[in-house]
Structure formats: structure tokens, C-alpha cells
Amino acid sequence: MAFATDLLLGEFVRAIDARFRLALPPEFLDPLLAAGPRLVIAKERAGCLSLWSAATWKPRMDAAVDVIRTKLQAGLLAQRVGQVQDLGRLLSTRQQTISLAGRGRLVLPEGFRDFLGVEPGGDVMVVGAAVCVELWQPAAWTSWITAEMSDFRRRIDDLTA
């Protein structure tokens, strides 16, 4: 999977308007759109969506689906039909390709609104997650960052060793 060389970093508060539109911070627009105008929005965890360049996301997902398709055709997953069904359900609802409107605005697709858990007029935390941009319901973000911050030093040491 190819990634942009610049890390997407930063934390911003943005409001969702009555039509479920959200303006992305300008700091994230150029890196996200460098490979093309299409983005993929994906469900990550309850209260969190991620935004990826479609040029980055699509080849990775297509390759994974091709492996599963090949294994199914070869009969290698015959004893794991339940797992394949579970994965199929997740693949069917996990991601959607979107485009940004003027001024860097996106419309949250219907199936993603409930997953994020933010009502119109509510705030969203827009967070750079190095290789993608994440949209967080504020309480979910606070819970995650509070639980994970104590592990920051170990993570940076592991990645820079």
C-alpha cells in the first residue's frame, strides 16, 4: 500500500451542519487529494470514521478481495463459510467512495452517520492519523486518547528504533 510521504497530523474541531456536511481543515486537503479527487470513508470503530485517498485504499482492498475470491474458487474456504459471510457483511457496509464538495466539504453518507454518533449541529473531532484522517465523536475521541496516551513513548520508540 503506497502512502503519502507527509504525515497527516493535527486535531481540529468541526461542526456538522443540518445536512450532515462537514468542512475538512485545509491542512488535510492537499495530502488527501494529492493522488486524485476521490476519497474513501470507512467505518473504523464505534464513534470513528476514517478518510483515505481512494488511490491508496482501493488497491489494498481489491487485492484482499481477490485473494479471498481465489481461495473460494479453489475450495480452500469451504469449511469457513461463516467467516466469509461475516467478512462479506463488513465489506458490504464498511466503506464508501465519496467526493468533496466546494470548500473541502464532505457529506457524511447515511449509513455512516449513526456509526459516528453525531447529530446535526454537533461537533466532530477531525484528527490526523498519520496515513489517513479520522472523524471522531468527541466522547469516543476523549476515551480513546485518554486510554492510549500513556503508551505514546513506547509506540514512538518502537517505530523509530
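Quick note: the coordinates plus some simple rules give every number you see, no bench work behind them. From a predicted model like this one, the values you see are computed outputs, not experimental measurements. Positions of Cβ are backbone-derived with ideal geometry, glycine not excepted, and every protein chain shown enters the neighbour counts.
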(message) Looking only at the range 101-149, how many residues end up being touching a Phe, Trp or Tyr at 6+ places or on another chain (Cβ under 7 Å), among the aliphatic types (A, V, I, L, M) and assigned to a strand (DSSP E or B)?
(response) 6
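Table: residues versus (1) in contact with a Gly (Cβ under 7 Å, 6 or more places away or on another chain); (2) more than 21 Å from GLY10 (Cβ to Cβ); (3) charged (D, E, K, R).
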| site | (1), (2), (3) |
| --- | --- |
| ARG89 | no, yes, yes |
| ASP123 | no, no, yes |
| VAL133 | no, no, no |
| PRO138 | no, no, no |
| ARG153 | no, no, yes |
(message) Condition first: under 28 Å from ASP6 (Cβ atoms) and either buried (at least 16 other Cβ atoms within 10 Å of the Cβ) or touching a residue at least 60 places away in the same chain (Cβ under 8 Å) (or both). Can you find one or more residues in the range 73-95 that meet it?
(response) yes
(message) I need the full set of residues from the range 126-148 which are surrounded by 10 or more Cβ atoms within 10 Å (Cβ to Cβ) and more than 13 Å from PHE28 (Cα to Cα), in order please.
(response) TRP136, GLN137, PRO138, ALA139, ALA140, TRP141, THR142, SER143, TRP144, ILE145, GLU148
(message) Where the second residue is hydroxyl-bearing (Ser, Thr, Tyr) and the first is touching a residue at least 12 places away in the same chain (Cβ under 8 Å) and lies in the range 106-132, which pairs have Cβ atoms under 6 Å and are six or more apart or on separate chains?
(response) CYS132/SER50
(request) For the range 101-123, name all the residues that are under 8 Å from ILE16 (Cβ atoms) and hydrophobic (A, V, I, L, M, F, W, C). (result) LEU108, VAL118
(message) Give all pairs with beta carbons closer than 6 Å in which a residue from the range 9-32 that is more than 11 Å from LEU135 (Cβ to Cβ) meets a residue that is charged (D, E, K, R) and assigned to a loop (DSSP other than H, G, I, E, B); count only pairs at least 6 apart in sequence or on separate chains.
(response) PRO31/ASP6
